[in-house]
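Report on one structure; see the data block that follows.
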Amino acid sequence: MKARETWRDGEEGAGGVPFPAERGAGDYARQTMVSSAQAHERAARLLERMADAHPEEAELHRQSARRHLRWAENDRRLAEEYAPRGGTPDGR
């Protein structure tokens, strides 16, 4: 087995999945952006639930949720930039 085909000791990609040493910074950046987009989407869903639960602060929660969705969209665009040829931004 060649060194470039081995797993990096103790290093993991987005979501805690180990990545082979041959993958470059672009793949790591893409995985990181996908993970970030998913986190922003989870935050937006939480903020929408908070808006429903707290009507007196609903508009502020919804504004924050919209910001998180914009950030998620931006992260997905960045992930597409780093996707390997033939790949998809969500890593599938």
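The values are calculated or read from the model by the stated rules, or taken from the named source; none is laboratory data. This is a predicted model, so every value here is computed, not measured. Glycine also receives a Cβ, built like all others from the backbone with ideal geometry; neighbour counts cover every protein chain displayed. Keep in mind that these areas ignore ligands, DNA and RNA; they rest on the heavy atoms of the full protein, side chains included. Shrake-Rupley method; radii C 1.70, N 1.55, O 1.52, S 1.80 Å.
Kindly indicate whether any position in the range 41-63 is assigned to a loop (DSSP other than H, G, I, E, B) and at pLDDT 80 or above. Step through it out loud before you land on a result.
Pass one, the range 41-63, residues assigned to a loop (DSSP other than H, G, I, E, B): 54.
Adding the requirement that they be at pLDDT 80 or above leaves 54.
Checking the range 41-63: at least one residue is assigned to a loop (DSSP other than H, G, I, E, B) and at pLDDT 80 or above.
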ask   = Looking only at residues in the range 61-81 that are out of contact with any helix residue (DSSP H, G or I) (no Cβ under 8 Å at 6 or more places or on another chain) and farther than 30 Å from residue 24 by Cβ, which one is most open to solvent (accessible area, probe 1.4 Å)?
value = 67
